[in-house]
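The values are calculated or read from the model by the stated rules, or taken from the named source; none is laboratory data. From a predicted model like this one, the values you see are computed outputs, not experimental measurements. Backbone-built Cβ (ideal geometry, glycine too); neighbour counts: all protein chains shown. The accessibility values were calculated without ligands, DNA or RNA, using every heavy atom of the protein model including side chains. Shrake-Rupley method; radii C 1.70, N 1.55, O 1.52, S 1.80 Å.
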Amino acid sequence: MAAIGKIRSWGPTLVVVIGLALLAFIAEEAFRSCEATSNSQRQQIGEVLGNKIDVQAFQKLMDEYTDVYKVTQGRENLTDEEHTRIKDMVWDAYVQSQILEDETRKLGLTVTDEELQNILNQGTHPALMQTPFVNRETGRFDVNALKQFLGEYKKAQSGGAQAVEQYKSFYNYWTFVEKNLRQQLLMEKYQNLFSHCLLSNPVSAKMSFKDENEESDIRLAAIPYSSINDNQVTVSDSDLKAKYEEYKSRFKQNVETRDIKYVAFQVQASEADKAAIDKEVKEFAAQLQTAGDPAEVVRKSNSNVPYLGIPVSKTAFPSDIAAKIDSMSVGAVVGPYENAADNTLNVIKLTAKTQLPDSVEFRMIQVFADDAAETQRKADSIFAAVKAGGDFELIAKKYGQTGEKTWLTTREYENSPSLDKDTRTYLMALNTMSVNEVRKLEMPNASMVVQVLNRKNFITKYTAAVVKRTIGFSRDTYSQAYNKFSQFVSENQTLEGMEKNAAKYGYVVQERQDMSSAENYVAGISGTKEALRWIFEAKEGKVSPLYECGNNDQLLVVAMTKVNPEGYRSLDNKQINDYIRTEVLKDKKAAMIAEKLKGVNSIEGAEKQGAKVSEVNQITFSSPVFISATGASEPALSGAVAATQKGKLGKHPVKGNAGVYVFQVVDKKMREGKLELKEQEARQRQKAKQAAGNFMSELYMKAKVADKRYLFF
C-alpha cells in the first residue's frame, strides 16, 4: 500500500514523463515516415497522370528492352549512344502506355487473348515481321513455328541450366514482342474509334472540291512592310503588352527549361603526338607486308576495325576503307594514310577477294554425346545417312532437333566485334559449300552435319586486315590542356569573369537556351550527365565545377544564366519580346499603309501610292499564295481572292504577313476534272484524321508528365 501510495504521489510527474516519451516516440516515427517518404521521392524517376515510377522499375524496363535489342542486333556490347537511345525509347513507350491505358480504361477498350491469337494466326501484322518466326517462303509469320519453339522451351526447362539458357533470351524476346503487340493493338483500337468520330458529308465535300480546284488570276498591287523604316514607327510598352496578351497562348511552356552559357574545349593531339603515332603505324604497315596471318598484327595495333578473317561485303568496312579496297589487288598493302573525317591513320592489306553468296539457305543437325568418341560415331552415322539420301528432317527429329531450313545473310555476322576459329570455320563452310552439298564440321565439344540448300545474290566479298588508329593525344598533352582549363575555371567563378577572360585563354563562351531535363547531353557532348544534373539544381548566376567529358577528350564549364519556369513565358524574355515587337511593327505599318491607300479604288491608284504591280495566277483557297514582291506566303490573300467575284476589286486592302495588298480578280475558272463525291468525302475524312493525328500530344500535355531521368542516368 505504501508503494502504491508513493506511485500515486508521483502521478502528475509520471503523466508528464510518459507524455514526453510518447511525444518522442511519435516524433521518431514521424521522422522515420518523413525519411522514408523522402527516400522514396529521391528514387522517383518521373510521373505520369499522378502515377510515379521509381528508378528500379524503370531500370527493369530498360534491362528488358536492352536484352531484346541485343537479340535483334546479334550483339552483346552496346555503345553509349545506343544505351541513350534505349533510355529515350523506354521512357517514351512508358509514358504512351500510361496515357493509353488511362484513356482505354475509361472507354472499356481491351485486347482479348482471342483477338491476339487471331492476329498470330493471320501472321500479317507488321510487328510480327521482324521476329525469327517468319516463314521465308510465304513471307508471313508462322504461328506453328512459334508453337514449336514454345514447346521446345518448355521441354528445355527440365533439361538443366545450360539447355534453359540457350532458349531463355529468345523466350524473353518473344514475351516482349507479345506485350508490345497487345499495346499496338490497343492503340489501333483507340485510333479507329477516334477516327470514326471524324465525318464528312456531301455539302462539305462539294465546298472542299471548289476550294481546291477553283483558280483565280489577279492583278496585284503590293506594298511591303519593308518599305517603311522601323524608326518611323513608335512602339510603346502598352502596345507590346496588348499584343502579348493577344498572343499569350502561344508562349505557354509545359516544362521548366534553363538557359546556360558554357566553355567547351576539345583536347587534340600535338605535333609530337602525331609523329609518335605515325611511327607506330608505319611499323605495323611493314609487319603486314610480310605477315602470313595478319590477325596478330591487327590485334597488337589496337585497330578500331577488328580482323574477322572471313570474306565480308564492302559495307562491313568504314567508308574510307571501302572506297579503297575495290581498286586494290590481292596481297597489296595501302597506307599509312590519314583520314580527316574520323581523325585516323590507316593501313589496309587485302588478303582475298571473291564472288560469294550474300544469302545461304541451310539446315543442320548438332551432335552431342557423353564423350568425343561417341560424338564422332553419331556424327559419322548421321553424315552417312544424309549422304545416302535419307530424309534430313526425320533424321534430325530422331536426335531431338527440327532440321528446319534457315537463311543466313552476310549482314548477320560481318559486323561482329570478333569471331573465334570455330565460328570462322563454320561460316566459311556455309559460304563455300555448293548447293545440296553435305559436310561434317568438327567443333571442340560437338559436331555438326550441315547441308546447303540454296545460294542467292552473289556479291564481291573481301578479306582484309585493317589497322585504323585514332590520332589521339598523349597523357602529357592532356595534362597541359587540363591544367590550363582548370586555371581558367578557378580564376573565373562568375559569368562576368568567364565572358571577360575566355578570349585571353583562347576559349569561346557559347550560349544554349531552353535546355530541358529530357535532354541527354550538354552542348551535344557525351558523358555530361553530371553537368546536366548540376544545371537543373543550380541557381541563376552560378558557375559549375570543371567537367571532364566526351570521349575523355573534352573539358567543360557551365554558367547557369536563367530559369524558365513552367507556365507562360513573360514579355521580359528576349525572344518573346523581339517576336512581339515585330508583330506590333507589322500592325502599325499595316495601319500606315492602309491610311495611305484610303480612297484608292483601282490597281492604278494603288500603284501611284508606291505599290508594286504584278500578275498572279492560279490562286486557290486551299493553298497559300506566294507573292514574289514581298517574298512571303499569304493565306489571307488566298481567302480574300476566293471570296471576290470575277472582275471585282477586293473590298478592302488585305493585311498579310509581309505587306498590304490591293487586288482585282481578272479571271476565275475550274480546273479540269469531275467531282467524285465519295472520293472527295474520303479525302476530307483523311485530312481530318491527319489534323487530329496529334491527339497523343494533347493527351501528353494533360498528363502532367514529370521527367527526372537526368538525376539517375
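Structure summary
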| quantity | calculated |
| --- | --- |
| Estimated inter-spin distance, Ser570 and Ala332, nm [label 7 Å along Cα→Cβ] | 6.9 |
| Glu499 accessible area, 1.4 Å probe, all protein chains in place, Å² to nearest 10 | 90 |
| Three semi-axes of the equivalent ellipsoid, the range 182-301, Cα gyration tensor, whole Å, largest first | 63, 36, 24 |
| Along each principal axis, Cα extent of the range 384-447, largest first, Å | 37, 26, 18 |
| Sites Gln191 and Leu453 - FRET efficiency at Förster radius 56 Å, r taken between beta-carbons, to 0.05 | 0.85 |
| Pairs of alpha carbons in the range 322-434 whose separation is greater than 20 Å (percent) | 62 |
| Eligible lysines near Lys154 by straight Cα distance, threshold 16 Å, same-chain separation 8 or greater | Lys168 |
| Gain on full stretching of the segment that runs from Gln56 to Gln366 - 0.36 nm per residue minus C-alpha separation | 107.6 nm |
| Heavy-atom SASA rank of Leu128, Leu677 (probe 1.4 Å, accessible area, largest first) | Leu677, Leu128 |
| Point-to-point label distance, Gln480-Asn601, nm (Cα→Cβ direction, 7 Å offset) | 8.4 |
| Average projected area [Cα convex hull, the range 118-266], square nanometres | 24.9 |
| Coarse-grained scattering of the chain at q = 0.06, 0.09 Å⁻¹, given as base-10 log I(q)/I(0) from a Debye sum over alpha-carbon atoms | -0.68, -1.24 |
| Spherically averaged projected area in nm², based on the convex hull that wraps the Cα atoms of the range 240-335 | 13.9 |
| Residue-count net charge about Tyr710 - beta-carbon cut-off 9 Å; Lys, Arg +1, Asp, Glu -1 | +2 |
| Largest to smallest accessible area among Tyr65, Tyr505 [probe 1.4 Å] | Tyr65, Tyr505 |
| Computed E for Asp102/Glu698 - FRET, C-beta separation, R0 22 angstrom, nearest 0.05 | 0.95 |
| Most positive-pole-ward Cα, Leu181, Gln355, Tyr399, against dipole of the chain from beta carbon charges | Leu181 |
| Whole-number D in µm² s⁻¹ for the range 416-502, Kirkwood Cα-pair radius fed into Stokes-Einstein, 4 °C, 1.567 mPa s | 67 |
| Cα-based radius of gyration of the range 577-713 once divided by 2.2 N^0.38 Å, which approximates compact folds | 1.51 |
| Principal semi-axes in Å for the range 560-658 [√(5λ), Cα gyration tensor, largest first] | 35, 17, 12 |
| Point-to-point label distance, Val235-Leu199, nm (Cα→Cβ direction, 7 Å offset) | 4.8 |
| Surface accessible to a 1.4 Å probe, per residue, for the residues of the chain, Å² | 57 |
| Set of aspartates and glutamates with alpha-carbon distance to Lys241 below 15 Å, sequence-local pairs under 8 removed | Asp572, Asp578, Glu583, Asp587 |
| Calculated Rg and Dmax of the range 188-230 using C-alpha coordinates, Å | 20.9, 57 |
| Charge sum, other residues only, whose C-beta stays under 13 Å from Phe58's C-beta, Lys/Arg counted +1 and Asp/Glu -1 | -2 |
| Built amide H within the under 5 Å cut-off of Ala632, gap 5+ | Ile627 |
| Residue-count net charge about Lys300 - beta-carbon cut-off 13 Å; Lys, Arg +1, Asp, Glu -1 | -2 |
| Residue-averaged [θ]222 nm for the chain, counting only DSSP H segments that reach four residues, each worth -39500 (n - 2.57) | -15000 deg cm²/dmol |
| Heavy atoms of Leu107: accessible area, 1.4 Å probe, square angstrom to 10 | 90 |
| The range 79-159, Rg to Rh (Cα coordinates; Rh as Kirkwood inverse mean 1/r) | 1.09 |
| Asn577-Thr84 FRET efficiency (beta carbon distance; Förster radius 25 Å; 0.05 resolution) | 0.10 |
| Whole-percent carbon and sulfur share, accessible surface of the range 420-559, 1.4 Å | 44 |
| For the range 639-713, diffusion coefficient by Stokes-Einstein and Kirkwood Rh (Cα), 20 °C, 1.002 mPa s, µm²/s | 120 |
| Proximal aspartates and glutamates to Lys702, defined as alpha-carbon separation beneath 14 angstrom and excluding residues fewer than eight positions away on the same chain | Glu47, Asp102, Glu103, Glu566 |
| Gain on full stretching of the segment that runs from Gln513 to Asn501 - 0.36 nm per residue minus C-alpha separation | 2.1 nm |
| Size of charge dipole - the chain - debye, nearest 20, with Cβ of Lys, Arg +1 and Asp, Glu -1, no other charges | 1160 |
| Burial order of peptide ranges 590-601, 434-445 (average beta-carbon count within 10 Å, highest first) | 590-601, 434-445 |
| Chain lengthening between Ser490 and Met670 when straightened (0.36 nm per residue, less Cα-Cα) | 57.5 nm |
